[in-house]
Amino acid sequence: MSIKKAISEFSEKLKNYNNATEEGKIYRKPEQSAETRLETLMAEKDFAFRKKVISTYRKYRFPLKALGEKSIEAQEIAGDQKSLEACYMLYKALQEANAKDGLDGTYLKSELVTPLTKKEKYTLGDDFIYLICYLHFELKLADLVPFFERKEDGSFSLKFINAENAKFSALQKDIMIVIKSTFYSL
């Protein structure tokens, strides 16, 4: 192909492009800066995280409604909620009995026995924070925070700590913020 012919074809294409309507023109996307790509990626990850937290908490907030009355998972979550609430009430009663009738060096000390301590999704996984949020936000029992403590034999026991002394991981804090802002903000 001669240079003259190539220039002629290019001129024809340029003329057609300039005469085309906006819908007919094809634009090349401008290159994103590394900072813009990073911001986009972070926003996508944040959206996915929020979506997962909201979806998971819906199951913990109203398990029978979210998963169906006959769902085994829904019945299990509802049972776990009742178990945690019962543990809270027992611990609270123990605290009150010690305050009322205990003396220096003489008090009740007991271990809470619950099926929750045998469930890895709570003891080793990240799902226990959803039960904690249910207890705090839905039942409004927020003065104590439950936690698992590993015993010498490798099993777990459920304990409670005053809310002002509780320490949450960064992930747990993020989950609590999403839940509170999505389900319980005015």
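The values are calculated or read from the model by the stated rules, or taken from the named source; none is laboratory data. The structure displayed is predicted, hence computed values, not measured ones. No Cβ is skipped: glycine too gets one built from the backbone with ideal geometry, and neighbour counts run over all protein chains shown. All accessible areas refer to the heavy atoms of the entire protein, side chains included, with ligands and DNA or RNA removed. Shrake-Rupley method; radii C 1.70, N 1.55, O 1.52, S 1.80 Å.
Residue check: is residue 92 open to solvent by 100 Å² or more (accessible area, probe 1.4 Å), farther than 15 Å from residue 138 by Cβ and out of contact with any helix residue (DSSP H, G or I) (no Cβ under 8 Å at 6 or more places or on another chain)? No, not satisfied. No other residue among 50, 37 is surrounded by fewer than 15 Cβ atoms within 10 Å (Cβ to Cβ) and basic (Lys, Arg) apart from 37. All conditions but one from (1) touching a residue at least 40 places away in the same chain (Cβ under 8 Å); (2) in contact with a strand residue (DSSP E or B) (Cβ under 7 Å, 6 or more places away or on another chain) apply to residue 137; the one that does not is (2). Each residue in the stretch 164-186 was checked for being in contact (Cβ under 8 Å) with a residue 24 or more places away in the chain and surrounded by fewer than 13 Cβ atoms within 10 Å (Cβ to Cβ), and 2 of them qualify. Against the test of being aliphatic (A, V, I, L, M) and under 18 Å from residue 128 (Cα atoms), the options 78, 48, 97 yield a single qualifying residue, 78. Going by what's in this entry, would residue 135 be described as within 17 Å of the chain's Cα centre (by Cα), buried (at least 16 other Cβ atoms within 10 Å of the Cβ) and under 22 Å from residue 76 (Cα atoms)? Yes: the conditions hold for residue 135. The helices (runs of 4 or more DSSP H) located wholly in the stretch 1-108 that include 2 or more residues which are at pLDDT 85 or above occupy 34-61, 63-67, 72-101.
Just to be sure, is residue 125 at pLDDT below 95, open to solvent by less than 60 Å² (accessible area, probe 1.4 Å) and under 23 Å from residue 50 (Cβ atoms)? Spelling it out, residue 125 is indeed at pLDDT below 95, open to solvent by less than 60 Å² (accessible area, probe 1.4 Å) and under 23 Å from residue 50 (Cβ atoms).
Anything in the stretch 141-183 that is on the phi < 0 side of the Ramachandran plot and assigned to a loop (DSSP other than H, G, I, E, B)? List them, or say none.
Within the stretch 141-183, 141, 142, 143, 151, 152, 153, 155, 166, 167, 168, 169 meet the criteria.
Scanning the stretch 144-160 for residues that are free of Cβ contacts under 8 Å to residues at least 40 places away in the same chain, farther than 17 Å from residue 180 by Cβ and not hydroxyl-bearing (Ser, Thr, Tyr) yields a count of 9.
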